[in-house]
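Written out below as structure tokens is the structure these notes cover.
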Amino acid sequence: MNDLLPDLFDHFAGELSLLSAKFKQYGKREIFWGEVVTIKCFEDNSKVKQILATEGKGKVLVVDGDASMDRALLGDLITLSAVDNGWEGVVINGCVRDVGALKKMDLGIKALGANPIKTVKLDQGEVNISLEMDSVIIEPGMMLYSDENGIAIAPKALDLSFLL
């Protein structure tokens, strides 16, 4: 499968919300989807590290970093932890770093950009709260679908059997 979102919007347009196309692809896995887990944090990736160190099978972490371009909320070591723990993907409303390494790791990663500067570690941030990104409300437990066409949010899992 080379594309997911065009087919999803053809079949489920009324059930999907599209995030803007400003997110760039950084992970090796170009198509990913899963149940949403949320974090809101600003230039502190302590909670990102904690959550991605837990079981993530079937899940996508959505991190609202307030679109900060000054520090990276995800790098190679935390990404390796996410891969080891079975996460499907990570969406960062902010930056990543270690871009060369990230594109070799089997994880879906979308972010606004890259910045080589690491975050502060103050253990600040909120987990599993409602987020608003691009005028789209994202709640824990919703579903996220991503490919190179963009990122879509659905209130519940969609039946993808028509793709088989």
Number of positions in region 55-85 that are assigned to a loop (DSSP other than H, G, I, E, B), touching a strand residue (DSSP E or B) at 6+ places or on another chain (Cβ under 7 Å) and more than 19 Å from Gln124 (Cα to Cα): 2
Where Asp10 falls short, out of the listed (1) in a helix (DSSP H, G or I); (2) at pLDDT below 95: (2)
Residue in region 86-98 that is buried (at least 22 other Cβ atoms within 10 Å of the Cβ), in contact (Cβ under 8 Å) with a residue 60 or more places away in the chain and in a loop (DSSP other than H, G, I, E, B) present: no
Of all residues making up region 116-158, the number that are charged (D, E, K, R), surrounded by 14 or more Cβ atoms within 10 Å (Cβ to Cβ) and on the phi > 0 side of the Ramachandran plot: 1
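Residues that are modelled with pLDDT of 95 or more, of a type in the set (Gly, Ala, Ser), more than 18 Å from Thr38 (Cα to Cα) and out of contact with any Cys (no Cβ under 6 Å at 6 or more places or on another chain): does region 100-107 have at least one?
yes
The values are calculated or read from the model by the stated rules, or taken from the named source; none is laboratory data. Fair warning: this is a prediction, and the values are worked out from it, not measured in the lab. Positions of Cβ are backbone-derived with ideal geometry, glycine not excepted, and every protein chain shown enters the neighbour counts.
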